[in-house]
Structures are given as C-alpha cells and as structure tokens.
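See structure below.
The values are calculated or read from the model by the stated rules, or taken from the named source; none is laboratory data. Given the structure is predicted, the values throughout are model-derived calculations rather than measurements. Reconstructed Cβ throughout: ideal geometry from the backbone, glycine too, with neighbour counts over all protein chains shown. Ligands, DNA and RNA are stripped out before the accessible areas are found, and what is left, the full protein with its side chains, is counted by its heavy atoms. Shrake-Rupley method; radii C 1.70, N 1.55, O 1.52, S 1.80 Å.
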Amino acid sequence: MKKALKTIVVAIALCAIVVPTQAQRRTVRYLSNYENEPYHFGFLLAYNQMMYTVKTVDNYQNMPLSPEAWPGSNLPFSIEATKNLYVYNVETRQTPGFTVGIIGSKRLGRYFDLRFIPSLSFSDRQLDYTIAVESKSDGSLSFKQLNKAIFTTFVEFPLNVKYRSKRYNNVGAYVLGGINPKLDLASQKKNKDSFINGQGELVEFTNNLVTKRFDFAAEVGVGFDFYNQWFKMGVEVKMSYGLLDVVKGDAFIYTAPIDQLRNKMFQLSLLFE
C-alpha cells in the first residue's frame, strides 16, 4: 500500500510540473469544441497493482488447526510427527499487472461526464503465511513460510462520474468517483492434493485459496487531460476498494484465520479519446 501511495504522489508531482510548462508553451487551442460534443470514445492502457485487505479472526494465533488439513506429502516434516498447526501470521503482497479497456463517455453538463469503461485486468494476488508447527514429541515450535498466489482475470464494468476543471489552453484536471462491478474468471480454480492419514486412508484437500467470483467496488481517482491536434490523452491514478467479502472456506488451513478478505487495486492509466 505504501508503494502505491508513493506512486500516486510521484504521478501528481510530475503532472504538477508538466501542466504549467505545457500551459505556458502552447498558445493554439486544440480541439476547441471537444467539451461540447455529446459523446466520446477511446481506449485505455493501464498498469495495476492488486492486493487484499485482510481482516483476521480474533485470537487466531492461538487456534490450532487439524494436521489433516495440511499438505504433508510434499513438505520436510510428517503428519505423524505433528501435534498442532497454527497460522502465526497472514500478510498480503502487492503484485504488478495490466489493464486494457474501451472508453465510452457521455457529456452530462459543462463540467461533468459519465464514463463507462469495460475492461480486462490481469494480475494475481499474493498471501504470505507463516505457519507454526508444534512437535508431538516435545511440544517445540518450528516455523514454515508459505506463499499462496491467487491468479486473477477480472472482467470489469466501471461506471464513473468525472468532474472536470475549466480548461487552461490545452490542459485540464479532473477528479472522478463511481462503482465497479467485476467478475473474476480465474477465482474458482481448485488445486487438489492428497495424503495418507494415520488410519491409512486417502485424504483429499484443496491446496490453494479459492475466492468468490463476483465483487463490487467503489472507486476514486484524479487525472489530467492533455489536448493535441488529433486526440486527447489522459493520465490518471485511481484506487478501487472491494465492498464484498470474497473469501471461501474450501481450504481450511488458509481460510480459518481470515474473517474477511476484500479486493483492493491501484491503477495508473493512459487514456486516449
């Protein structure tokens, strides 16, 4: 999250430097009737960072988990030698991705536009687990590190209201806010694994974190528009906050300590209209 905030600050600072420079240099007003046209169309290219907001269960570090929920067949300790497992820590990690979209914009008033940008966003979210393993023999604890990647392909339908400042020469600024229903095409994929328990039975389990397919997000952002002879280019930074809990209980050891899991995404976009 700190990295995303730093990126926003840098982007705004750069735009603050570029805007007055461009405004001073340009005297010809390009696309002078642009704001009066009822509709505009274009496309979007963006860099994104997807992450989660994790709310853990109270006192989850003292909640022992059944060894039968643990993938013991491919780790350097055995189920038989394990008394209890504890999820000691859960952290989310930022990962880079990209977004492409088609822009449809309708003029609502002198300074207001309604934008609809159906998009495809590709990335993955990462959760880092620290697992405390309690030995059966002496009760001592050892720690294992696990990373779970949730591969993501979002089909997004953001609907935003854009408030534009008065244009100065060929530069304008704006703020926006809105909603974004989204559908994750990759969230339901389950990686199955198995092991033989102490009774000689084959036990199957889901060895990855599975999230719900649908989400609904609130969005806020800021940007700058630059006009030239042929088109308008926008530079925009935006944050998207998921409003729904997307965690599913299919993988017990990975979901038991999580009370709520919400999507969050930072996006830096170039828009061409």
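Residues being assigned to a loop (DSSP other than H, G, I, E, B), touching a residue at least 24 places away in the same chain (Cβ under 8 Å) and either charged (D, E, K, R) or touching a strand residue (DSSP E or B) at 6+ places or on another chain (Cβ under 6 Å) (or both): count how many of those fall in the range 136-179.
7
Out of all the residues in the range 39-54, is one or more loosely packed, with under 12 Cβ neighbours inside 10 Å and at pLDDT below 90?
Among the residues of the range 39-54, not one is loosely packed, with under 12 Cβ neighbours inside 10 Å and at pLDDT below 90, which makes the answer no.
Quickly run through the range 106-121 and pick out the residues that are touching a Leu at 6+ places or on another chain (Cβ under 8 Å) and not in a strand (DSSP E or B).
L108, I117
Take I103 and decide whether it is of a type outside the set (S, T, Y), open to solvent by less than 30 Å² (accessible area, probe 1.4 Å), modelled with pLDDT of 90 or more and in a strand (DSSP E or B).
It is true that I103 is of a type outside the set (S, T, Y), open to solvent by less than 30 Å² (accessible area, probe 1.4 Å), modelled with pLDDT of 90 or more and in a strand (DSSP E or B).
So which of L244, L268 is open to solvent by 30 Å² or more (accessible area, probe 1.4 Å), in contact with a Ser or Thr (Cβ under 9 Å, 6 or more places away or on another chain) and either among the hydrophobic types (A, V, I, L, M, F, W, C) or not in a strand (DSSP E or B) (or both)?
Working: L244 fails: in contact with a Ser or Thr (Cβ under 9 Å, 6 or more places away or on another chain).
Answer to the check: L268.
The rows are residues; the columns are (1) part of a strand (DSSP E or B); (2) modelled with pLDDT of 70 or more; (3) open to solvent by less than 10 Å² (accessible area, probe 1.4 Å); (4) touching a Leu at 6+ places or on another chain (Cβ under 8 Å).
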{"residue": "E134", "(1), (2), (3), (4)": "yes, yes, no, yes"}
{"residue": "Q188", "(1), (2), (3), (4)": "no, no, no, no"}
{"residue": "G198", "(1), (2), (3), (4)": "no, no, no, no"}
{"residue": "L209", "(1), (2), (3), (4)": "no, yes, yes, yes"}
